[in-house]
Amino acid sequence: MFNALVIGAGPAGLAAGIAAQRNVCVLERRSVPGRKLLLSGSGQCNVTHGGTIANFLARYGNEKKSRFVKPALFAFDNQAVCRFFAQRGVPLAEREDGKIFPQSLNSRDILNVLLTELEKRGGILQTETQVEFVKKVNKRFVVQTNRGTIDAAKLILATGGRSYPATGSDGSGYKIAESFGHRIVPPKPALSPAYIRDYAFADCAGIAFRKIEVNLLRNEKRIATQQGDVLLTHFGLSGPAIIDSSRSIEQGDVVQLTICREKDAVQKCLTGKRTLKNALQPLHLPEQFLKRLLEQQNISAEQSASEVSRSDRQKLEQTLSHLRFTVERLGDWNESMTTAGGVALEEVNRQTLQSRLVEGLFFCGEVLDADGDSGGYNIQFALSSGFLAGSSLSSLFFPFPLSLLRRSS
């Protein structure tokens, strides 16, 4: 019998176990906890992001989600995260793009701090434990597992979403939430690359465009705009501006890239006897990309710049300012960094993360319908929501200054 039981040993679940502090057990179905955390940032672990925590709120999709995540983010913000790990021997460092990593660039250091802190506070981690069903009996939660029955006064679901299922995120937490009457917003892959129909730039894989404008069109109407980096891949488009837009992308949508924003930039280049490919050098376009682009437009790269026809000049300018790609599909669960959808937010108290339907049931992390942009925003919410859920059910707050655990409206 435990005071609190946490299902899921990712960053949210471990943070919840740490904050709950006494007589708590964290269950993990895999033999190794935090496997998805270990993979994050290509093994370097982009823990959080720089800037004020208020700037985080626009990074979670829409106003409803931003309002929901606010109390958790303000209770345990990015500065608190940095202090937490630094005080335990793992200092973090901010890059020029605002992403914050451990100085060691080793995700295992982040996981080890969480595991060590859980152990120091008396928490029990039980791996290779598959939850079969959960029910509430006489105000306590009875959890049947492959290793026997566990009884707890409070229950925290930190089971994650469905992305990277090999790490243990298979969506099983949704079934538990549904068994208690919670509505599940249909999950779909998020932070995904885009596969492009009739893609012609496979040989340009690895070429990146920095800080360009990306417009998402549906039925020729603009539905979203993003500013950021875009990466050409073997199958389509990736990079922060694409994966952050993926929560809004549907099959058949058009992704429009503004490679060159300056009006008449092409026209200014096309003078003299230089070949077209050499005349366009001031635009700083990668050679292979320019070659493929001209081939697609049936424009000879070797012709004299001054001989380029008016129609070809207009076509080239239009293409560089409105390069269009039609989306065939998004990456699947094995390629998506996180999950959009999950436990409906209106059924969870955002100040405590306790269920509005079942007393003593709490949620944190990716199991909730609260997905953030790339760049550390999802791990930050996992840690923040875990600490908030754990401290909410505990009579002892996590031992930081109260200003770091303040509730926010």
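The residue that is farthest from residue 339 (Cα to Cα), counting only those in region 169-188 that are open to solvent by less than 40 Å² (accessible area, probe 1.4 Å), in a loop (DSSP other than H, G, I, E, B) and at pLDDT 95 or above, is 180. Examine region 361-368 for a residue that is in contact with a strand residue (DSSP E or B) (Cβ under 7 Å, 6 or more places away or on another chain), farther than 29 Å from residue 283 by Cβ and free of Cβ contacts under 8 Å to residues at least 12 places away in the same chain, and state whether such a residue exists. Checking region 361-368: not a single residue is in contact with a strand residue (DSSP E or B) (Cβ under 7 Å, 6 or more places away or on another chain), farther than 29 Å from residue 283 by Cβ and free of Cβ contacts under 8 Å to residues at least 12 places away in the same chain.
When region 382-409 is limited to residues that are of a type in the set (Phe, Trp, Tyr) and surrounded by fewer than 24 Cβ atoms within 10 Å (Cβ to Cβ), the one that is modelled with the lowest pLDDT turns out to be 397.
Out of the residues in region 248-299 that are under 32 Å from the mean Cα position of the chain (by Cα) and β-branched (Val, Ile, Thr), which is nearest to residue 213 (Cα to Cα)? Filtering first and then ranking leaves 258. Restricting the search to strands (runs of 3 or more DSSP E) fully inside region 218-290 and requiring at least 2 residues that are under 30 Å from residue 41 (Cβ atoms), touching a Pro at 6+ places or on another chain (Cβ under 6 Å) and touching a residue at least 12 places away in the same chain (Cβ under 8 Å) gives 221-232.
Any idea which of (1) at pLDDT 90 or above; (2) part of a helix (DSSP H, G or I); (3) open to solvent by 60 Å² or more (accessible area, probe 1.4 Å); (4) more than 30 Å from residue 192 (Cβ to Cβ) is the one residue 312 doesn't satisfy? If we test residue 312 against (1) at pLDDT 90 or above; (2) part of a helix (DSSP H, G or I); (3) open to solvent by 60 Å² or more (accessible area, probe 1.4 Å); (4) more than 30 Å from residue 192 (Cβ to Cβ), just (3) comes out false. Quick check on residue 342: is it touching a residue at least 40 places away in the same chain (Cβ under 8 Å), on the phi > 0 side of the Ramachandran plot and not in a loop (DSSP other than H, G, I, E, B)? Answer is yes for this residue. Only one of the listed residues (191, 231, 216) is under 18 Å from the mean Cα position of the chain (by Cα), within 21 Å of residue 336 (Cα to Cα) and modelled with pLDDT of 95 or more. That residue is 231. Number of residues in region 250-301 that are modelled with pLDDT of 90 or more and of a type in the set (Asp, Glu): the value is 4.
The set of residues in region 119-141 that are within 14 Å of residue 24 (Cβ to Cβ) and either in contact (Cβ under 8 Å) with a residue 40 or more places away in the chain or surrounded by 15 or more Cβ atoms within 10 Å (Cβ to Cβ) (or both) comprises 121, 122, 123, 124, 125, 126, 141.
Kindly indicate whether residue 256 is surrounded by 15 or more Cβ atoms within 10 Å (Cβ to Cβ), in contact with a Lys or Arg (Cβ under 7 Å, 6 or more places away or on another chain) and of a type in the set (S, T, N, Q). Criteria met by residue 256. Only one entry of 222, 210, 197 meets the criterion of being within 26 Å of residue 379 (Cβ to Cβ) and exposed (fewer than 15 other Cβ atoms within 10 Å of the Cβ), and that entry is 210.
Quick grid of which residues meet (1) open to solvent by 10 Å² or more (accessible area, probe 1.4 Å); (2) of a type in the set (A, V, I, L, M, F, W, C); (3) under 15 Å from residue 69 (Cα atoms); (4) more than 18 Å from the chain's Cα centre (by Cα):
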{"site": "341", "(1), (2), (3), (4)": "no, no, yes, no"}
{"site": "347", "(1), (2), (3), (4)": "yes, no, yes, yes"}
{"site": "350", "(1), (2), (3), (4)": "yes, no, yes, yes"}
{"site": "353", "(1), (2), (3), (4)": "no, yes, yes, yes"}
{"site": "368", "(1), (2), (3), (4)": "no, yes, yes, no"}
{"site": "371", "(1), (2), (3), (4)": "no, no, yes, no"}
{"site": "380", "(1), (2), (3), (4)": "no, no, yes, no"}
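Every condition in (1) out of contact with any Ser or Thr (no Cβ under 6 Å at 6 or more places or on another chain); (2) surrounded by 14 or more Cβ atoms within 10 Å (Cβ to Cβ); (3) closer than 30 Å to residue 306 by Cα holds for residue 233 except the one numbered (3).
The values are calculated or read from the model by the stated rules, or taken from the named source; none is laboratory data. These numbers come from a predicted model, not from an experiment. For neighbour counting, all protein chains shown are included, and Cβ atoms are generated from backbone atoms with ideal geometry for every residue, glycine included. Areas reflect the complete protein model, heavy atoms only, side chains present, ligands, DNA and RNA absent. Shrake-Rupley method; radii C 1.70, N 1.55, O 1.52, S 1.80 Å.
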